[in-house]
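Have a look at the structure below, then the notes.
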Protein chains: 2
Amino acid sequence: MTPFYSKKDLFFQLFEHLGVEDLNRYPFFRDHNQETFELVLDAAEQIANKSLRPLLTEMDRQEPILENGQIKIHPGMKAIVQQFGQDGWINATFPYEEGGQQLPWTIHLAAGYILQAANYSASVFPFLTTGAANLIRTFGSNELIQRFTPSMYNGAWQGTMALTEPDAGSSLSDLTTTAYPTSDSGVYRIKGQKIYISCGDHDACENIIHLMLARIEGAPAGTKGISLFVVPKIIPETGEANEVFTEGLYHKMGYKGAPIAHLMIGSEKGAIGYLVGEENHGLKYMFQMMNEARIGVGMNAVAIAQAAFQSSLAYAKERPQGRKLSEKDLSKPQIPIIQHADVKRMLLFQKSISEGSLALLLFSSKLMDESVHESDLVTKKQKHALLELLTPIAKSYPSEMGILSTSAAVQVLGGAGYTQDFPVEQYYREARIHPIHEGTTGIHGLDLLGRKIFLNDGLGWEVLYQYIEEDLAKYEGPEDIRAAFDEAWKEGQNAAATILQKAQEGPEKFLADATLFLELCGIICVGWMWIRQAHIAYINLKKENANTAFFSGKIETARYFMEYESPKISAISKRIHSASYPTLDMRDYWF
Amino acid sequence: MTPFYSKKDLFFQLFEHLGVEDLNRYPFFRDHNQETFELVLDAAEQIANKSLRPLLTEMDRQEPILENGQIKIHPGMKAIVQQFGQDGWINATFPYEEGGQQLPWTIHLAAGYILQAANYSASVFPFLTTGAANLIRTFGSNELIQRFTPSMYNGAWQGTMALTEPDAGSSLSDLTTTAYPTSDSGVYRIKGQKIYISCGDHDACENIIHLMLARIEGAPAGTKGISLFVVPKIIPETGEANEVFTEGLYHKMGYKGAPIAHLMIGSEKGAIGYLVGEENHGLKYMFQMMNEARIGVGMNAVAIAQAAFQSSLAYAKERPQGRKLSEKDLSKPQIPIIQHADVKRMLLFQKSISEGSLALLLFSSKLMDESVHESDLVTKKQKHALLELLTPIAKSYPSEMGILSTSAAVQVLGGAGYTQDFPVEQYYREARIHPIHEGTTGIHGLDLLGRKIFLNDGLGWEVLYQYIEEDLAKYEGPEDIRAAFDEAWKEGQNAAATILQKAQEGPEKFLADATLFLELCGIICVGWMWIRQAHIAYINLKKENANTAFFSGKIETARYFMEYESPKISAISKRIHSASYPTLDMRDYWF
């Protein structure tokens, strides 16, 4: 079987690039070390190989169906979901006293990367449950925790995040699902509808536990009147059906194995829902989990890009076609296409995107662990500020570039890539969701430029500057790579200064190119990750018995990134420095 | 029903931008004028509306099947294929004496654009037959013409182009299908296999006529030993099955309604094939039809991008979500998303790509007509040289940008765009084929930089330069648009000069970035088309009773292109000016 990810690269990122084993300096992770981390990752690879990857194609071809108000998914998923529970994946990052393993998020997400690369659809089930359970355990009462989390942890029950409504997608402040108080304290009757609910209904679990946003009757308008509820499909103690009806099943372009439901909530008496935490704090709670969720989406995107890269790499090494441009003798055998410069360009592109993005995502994940467990308050604040700044970037860059990266994988295979005989076309379809999931790219542009840049008096950008400059100061790799990055970084800083000045001209002009600024920051941050990798590779190459092929590949890929991707900053900067605004001046009726 | 193309824009391009009615200065087109052209386009729109568009979704969901060696397609296709024949679409461009209408290719392709935008899968059937019939009538004997073309023209028989083999895709010189002479002059027995044959078998026609490349036994190696044959599925006079077996049906990511076959040729005695023209001239014949075919693929790509644009535009006008960034009052109703700058950016992007590409394709189509019918030999040579140069560009830019343009359409719809509830996800899947069809983008990069640039001592580029400078000299639109294009154009010329100098360093270095050079030329040529359109729009705006909305939209879209797309030339130039070659230096085993 073609490999679907590079273990060598993942281990390089975790242990050589980021030194995640040093997380055990924090008491919470004291029992962990590189060995325990490797055990977790090996376990993930085993499930991925044995259970997930074999169902990749089948789950795409045999879509879930909706029958008598019940979504039925691929029968193989039941065993997988149970295994995730039994093996302790769902609550792995939680404390020992909750049955968890006190595993760093970094390692949990790295394990997730392996699962996602093997079979994205199958991988989403446990991650949604983890996210939902985390909301209950963090903000819910002891009673809610006792009632709901154990069966979520063991995989018997599915968790979901029920946010979107027909009239409230990106604009969550407009949601209208309403919760009516009952005589029982903390118990509400909820009416409304939710759309696009991932794993919102299926038959591989005994119950579905929705973490649902709704507005308590009479609550203030906008985001300040939104509360969070636990709304189970089945009331646990009585086994009675709650009023959560599966109205529809979406048919999607990709990741068809994961069912996405349209739910009608409480069309008669109202569905029973249990308030989580305080009234009107729902969106705040949800957003406190957003860093994890968004880093998670970035990870999904890069996992698929990596799987597509591996698939096209294997093909390029085996497929003979054509000869060197200088070879005119047609009696010579054809050469593998990997030897053509343009094919190598498409492979280097994919490698630079997926390994560079993985580095950024793991770097951000580590910040997540550090900013939670750091005891030095100044460091903690700095790390958290940097994490907040990096989150929209680490979500969006891999998501947007994942489209191009999987597209390059299809192109390497040519006509074969367009057929279902190879998995690259599936990866291409699956990758398209990530610029939409958990906030569109446009929303993240606004988040970065309209909010994150200004948080804590701009501390995030200040820390970013400091980190990058430190890495440049200690960098030892090839000078051309450093110089190219330095030029791009300076150009990027200039563009940032220009766009920040536009804040004085009102929000419309200031934010008109927020998406472009987000892209620019993505190139800078991933470029920075390549500087760090080239540095480590260079040092390693000087050691005896070094894996020269691996480290030379790292350096050449860093060079590729600087030669082909960094120059895009010039194009974006040129636009940002302009004072002309066609996207504001264009009238609706001119289209 | 949502419109799937802009008639207003198509008519603008044909009659205001390109003045195609003046083609009747050539005797061959003497009976035509704007009125006859409009009748043809209206007829295309009627078929598109009545027959093609209604089957768009169904043909995607009900894929062709292979049953007992016979491919069965959507039952609705039979009537459509017959109608194309009966209404004279298949031989419309051919002379009156062949039953044709002496229609310019420009109008034929423009009509095709309408059909393709309505339903790409359904549109390919007649175009393939036209291409195959054109080879027979141009290079075949009278006997072959009499035997085969009438039933192809009337839609009873399907034509195909059978080039690709398992070991000969991009490298056609390596094809091994072999033709053995028989005692009948011009009749051969052929053995081999062909893959990816579009419409290579189906049940909507009575016979399938393959225009097949094969090597006559003992012919020289490489491209100089390839001959062209007519290989029918059924021998017309006897009704006997020829030895053409449908071995497989490809399942594809998109344009599922058009069957793509794997054919085994002559596994017993050999399939009967009739030589077209002279021995060993097959590839030359095929390539003489390549301009039409490649312009045709570009047109397919832009038609799909246009349909996706229209779909997302209609959605953006209707879908309320969020408020202006400056509006903090949540009691105000939500606004249609078209009013958000970032949504307008995605719509302007699509409009600039699809209308700019359509302009380039129709400009190239007109060159096709002119270079055939022009009597002044100097002009003829110039026009042909420019057409040769523009062909890889007009094929590849719309194909590559079609991916991004349909992706932007998906993004405008957000989650809805990823579901099968809207056609944009289908357009996204269908658009992915065009960078592969009729030569991959990489192959066209090599064609442009390695061949076309040097043809006729560089006449093509010289004519391009002259045309662009003339248009800039007479340009009357807004100065910022002119200045931005001029800067990009100069930067592009500089990059071209640099890359041409690299020819001295051997083919590997010279051609390493051929694909980037192709992209650069695409931006220049489409930018040039926007200069031309802005000029005409500006002049029209000064007229009384002008359609100000339409022409203002043209100017603002031209500005968008200069502000957001042209700057990409800076990024590509930066790369081209570099002397570092990671795509050459990277070793296979470093990946």
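The values are calculated or read from the model by the stated rules, or taken from the named source; none is laboratory data. None of these values were measured; they are calculated from a predicted model. In this analysis, Cβ positions are derived from the backbone assuming ideal geometry, glycine residues included, and neighbour counts consider all displayed protein chains. What goes into the accessible areas is simple: the full protein's heavy atoms, side chains included, and nothing from ligands, DNA or RNA. Shrake-Rupley method; radii C 1.70, N 1.55, O 1.52, S 1.80 Å.
Checking the structure you have, find out if any residue of segment B:437-453 is closer than 29 Å to B:ASP513 by Cβ and away from every other protein chain (no Cβ under 14 Å). Yes, because at least one residue in segment B:437-453 is closer than 29 Å to B:ASP513 by Cβ and away from every other protein chain (no Cβ under 14 Å).
Which residues, counting only those in segment A:167-190, are surrounded by fewer than 19 Cβ atoms within 10 Å (Cβ to Cβ), among the charged types (D, E, K, R) and farther than 16 Å from B:PRO336 by Cα? Answer for segment A:167-190, where residues must be surrounded by fewer than 19 Cβ atoms within 10 Å (Cβ to Cβ), among the charged types (D, E, K, R) and farther than 16 Å from B:PRO336 by Cα: just A:ASP184.
Filter segment B:562-591 down to residues that are within 7 Å of another protein chain (Cβ to nearest Cβ) and under 15 Å from A:ILE576 (Cα atoms) and give me whichever is most open to solvent (accessible area, probe 1.4 Å). Top of the filtered list is B:LYS568. Pairing each residue of segment A:166-192 that is away from chain B (no Cβ under 14 Å) with any residue that is of a type in the set (Asp, Glu) and in a strand (DSSP E or B), provided the two are 6+ apart or on different chains, yields C-beta distances under 7 Å for A:THR177/A:GLU165; A:GLY192/A:GLU165.
Quickly run through segment B:28-46 and pick out the residues that are loosely packed, with under 15 Cβ neighbours inside 10 Å and more than 20 Å from B:MET368 (Cα to Cα).
B:GLU35, B:LEU39, B:ASP42, B:GLN46
Please specify each residue of segment A:302-324 satisfying the condition of being over 20 Å from A:ILE114 (Cα atoms), within 11 Å of chain B (Cβ to nearest Cβ) and surrounded by 18 or more Cβ atoms within 10 Å (Cβ to Cβ). Answer for segment A:302-324, where residues must be over 20 Å from A:ILE114 (Cα atoms), within 11 Å of chain B (Cβ to nearest Cβ) and surrounded by 18 or more Cβ atoms within 10 Å (Cβ to Cβ): A:ALA316, A:ARG319, A:GLN321, A:GLY322, A:ARG323. Tell me, please, whether a residue that is touching a Leu at 6+ places or on another chain (Cβ under 7 Å), outside any helix (DSSP H, G or I) and open to solvent by 10 Å² or more (accessible area, probe 1.4 Å) can be found in segment A:151-159. No, that holds for no residue. So how many residues does segment A:488-538 have that are aliphatic (A, V, I, L, M), within 14 Å of chain B (Cβ to nearest Cβ) and under 26 Å from A:LYS554 (Cβ atoms)? Matching residues across segment A:488-538 total 5.
Would you check if B:LYS452 is of a type in the set (Lys, Arg) and in contact with a Ser or Thr (Cβ under 9 Å, 6 or more places away or on another chain)? Judged against the criteria, B:LYS452 is a match.
Can you list residue pairs whose Cβ atoms sit under 7 Å apart, with the first residue in segment B:431-443 being hydrophobic (A, V, I, L, M, F, W, C) and the second being in a loop (DSSP other than H, G, I, E, B)? Count only pairs 6 or more apart in sequence or on different chains. Sorted first by the residue in segment B:431-443, then by its partner, the pairs are B:ILE433/B:GLY254; B:ILE433/B:TYR255; B:ILE436/A:GLY414; B:ILE443/B:SER170.
Select from segment A:204-224 the residues that are surrounded by fewer than 18 Cβ atoms within 10 Å (Cβ to Cβ) and of a type in the set (D, E, K, R) and write down the one among them that is farthest from A:HIS262 (Cα to Cα). Per the stated criteria, the residue is A:LYS224. Of all residues in segment A:539-561, those satisfying the criterion of being open to solvent by 10 Å² or more (accessible area, probe 1.4 Å) and more than 8 Å from every other protein chain (Cβ to nearest Cβ) are A:ILE539, A:ASN540, A:LEU541, A:LYS542, A:LYS543, A:GLU544, A:ASN545, A:ALA546, A:ASN547, A:THR548, A:PHE551, A:ILE555. Any chance segment A:196-203 includes a residue that's in contact with a helix residue (DSSP H, G or I) (Cβ under 9 Å, 6 or more places away or on another chain), open to solvent by 20 Å² or more (accessible area, probe 1.4 Å) and in a loop (DSSP other than H, G, I, E, B)? Yes: segment A:196-203 contains one or more residues that are in contact with a helix residue (DSSP H, G or I) (Cβ under 9 Å, 6 or more places away or on another chain), open to solvent by 20 Å² or more (accessible area, probe 1.4 Å) and in a loop (DSSP other than H, G, I, E, B). A count restricted to segment A:1-27 and to residues that are under 18 Å from A:PRO104 (Cβ atoms) and open to solvent by 50 Å² or more (accessible area, probe 1.4 Å) stands at 6.
I'm trying to understand the selection: among the residues of segment A:410-428, which are facing chain B (nearest Cβ under 8 Å), assigned to a loop (DSSP other than H, G, I, E, B) and surrounded by 20 or more Cβ atoms within 10 Å (Cβ to Cβ)?
A:GLY414 - this is the single residue of segment A:410-428 that is facing chain B (nearest Cβ under 8 Å), assigned to a loop (DSSP other than H, G, I, E, B) and surrounded by 20 or more Cβ atoms within 10 Å (Cβ to Cβ).
Only one of the listed residues (A:LYS269, A:LYS233, A:LYS252) is among the charged types (D, E, K, R), in contact with a Lys or Arg (Cβ under 7 Å, 6 or more places away or on another chain) and either modelled with pLDDT under 95 or outside the structural domain of A:ASN300 (by TED's automatic domain parsing) (or both). That residue is A:LYS269.
Of all residues in segment A:320-368, those that are over 16 Å from the mean Cα position of the chain (by Cα) and in contact (Cβ under 8 Å) with a residue 60 or more places away in the chain total 9.
Of the residues making up segment A:325-337, one or more are within 9 Å of chain B (Cβ to nearest Cβ), crowded, with 23+ Cβ neighbours inside 10 Å and touching a Lys or Arg at 6+ places or on another chain (Cβ under 7 Å).
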